[in-house]
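The values are calculated or read from the model by the stated rules, or taken from the named source; none is laboratory data. Keep in mind that this is a model prediction, so the values were computed, not measured. No Cβ is skipped: glycine too gets one built from the backbone with ideal geometry, and neighbour counts run over all protein chains shown. For accessibility, only protein heavy atoms count, side chains too; no ligands or nucleic acids. Shrake-Rupley method; radii C 1.70, N 1.55, O 1.52, S 1.80 Å.
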Amino acid sequence: NAGVTQTPKFRVLKTGQSMTLLCAQDMNHEYMYWYRQDPGMGLRLIHYSVGEGTTAKGEVPDGYNVSRLKKQNFLLGLESAAPSQTSVYFCASSYPKGRAFFGQGTRLTVV
Amino acid sequence: AQSVTQPDIHITVSEGASLELRCNYSYGATPYLFWYVQSPGQGLQLLLKYFSGDTLVQGIKGFEAEFKRSQSSFNLRKPSVHWSDAAEYFCAVGTNTGKLIFGQGTTLQVKP
């Protein structure tokens, strides 16, 4: 049972490049989330999904897009990376009103 | 909009002393509430959660939290802190629409 798996774990991008972060969960959870963690800012919700085919904006959605084509996967895309998007990204999943299970994080640096 | 505030960015306590970490939330309906802990370089571990019922909830590692609706608070407590409790603590509020919002976090330092 792998839980929540994020790919990749580390990445360095140049400004303007694009990339996709993959989150996969094997717990059949309905809800999935993408957060970014920056020093002193806690975890800020980027986008979330309450079911396959649905997505919604969180607190800091600008510059990011997401897709949930399959229940077990939640993709986070950066179309044109900016240095301000340098951060640690966490994916999480849960049942409705359940505890969230987190991935180990992706450390992204945009230069 | 929903929000979570942890007023204390950094707290230092002596080992063996009691601990209280504050959490205030803003949400129009009854929230469901969590406390998570994150050790350096690690993911987040659930300490405890509140959905309904008894407003005093017990968690792992000797932690407890009390939900006070009138104060919109969900403070975390521990009677005697251990050096291994040094970490960052996050309060989170979940809504009926599926949002899960975290506070800014409180860093706990434990003095020997």
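In the context of the full protein assembly, A:SER67 retains an accessible surface of approximately 40 Å², using a probe radius of 1.4 Å and ignoring ligands and nucleic acids. When you filter the GluC sites (Glu not before Pro) in the stretch A:1-75 for DSSP loop state and at most 14 other Cβ atoms inside 10 Å of their Cβ, you are left with A:GLU52.
Annotation for the stretch A:1-61: trypsin sites (Lys or Arg not before Pro) lying in DSSP loop with at most 12 further Cβ atoms inside 10 Å of their Cβ are A:LYS9, A:LYS14. Just list whichever of A:LYS97/B:LYS49; A:LYS9/B:LYS99; B:LYS61/B:LYS111; A:LYS97/B:LYS99; A:LYS57/A:LYS97; A:LYS14/B:LYS99 have alpha carbons separated by over 20 Å in the model shown. Pairs exceeding the cut-off: A:LYS9/B:LYS99; A:LYS14/B:LYS99. With the convex hull of the Cα atoms taken as the outline of chain A, the averaged projected area works out to 6.3 nm². What the Cα convex hull of the stretch B:1-102 gives, in volume per residue, is 103 Å³.
Summing Lys, Arg as +1 and Asp, Glu as -1, what charge do residues with Cβ under 15 Å from the Cβ of B:SER84 carry, B:SER84 excluded? Residues near B:SER84 contribute 0 overall.
For the stretch B:67-112, accessible area lost to neighbouring protein chains reaches 50 Å² or more, against the chain alone with a 1.4 Å probe, at B:GLY98, B:LYS99, B:LEU100, B:PHE102. If you take all other residues with their beta carbon under 15 Å from the beta carbon of A:TYR64, and give Lys and Arg +1 and Asp and Glu -1, the sum is +1. Label-to-label distance, B:ILE60 versus A:LYS70, with points set 7 angstrom from Cα along the beta-carbon direction: 2.9 nm. Rg and Dmax of the protein assembly as shown, both derived from C-alpha coordinates alone, stand at 17.4, 51 Å.
Cross-link partners of A:LYS70 among aspartates and glutamates, defined as those whose alpha carbon lies under 20 angstrom from its own and excluding same-chain residues fewer than eight positions apart: A:ASP26, A:GLU30, A:GLU52.
Taking amide H as placed 1.01 Å from N in the peptide plane, B:CYS23 has its amide H under 5 Å from the amide H of B:PHE74, B:ASN75, B:LEU76, each at least 5 places away in sequence or on another chain.
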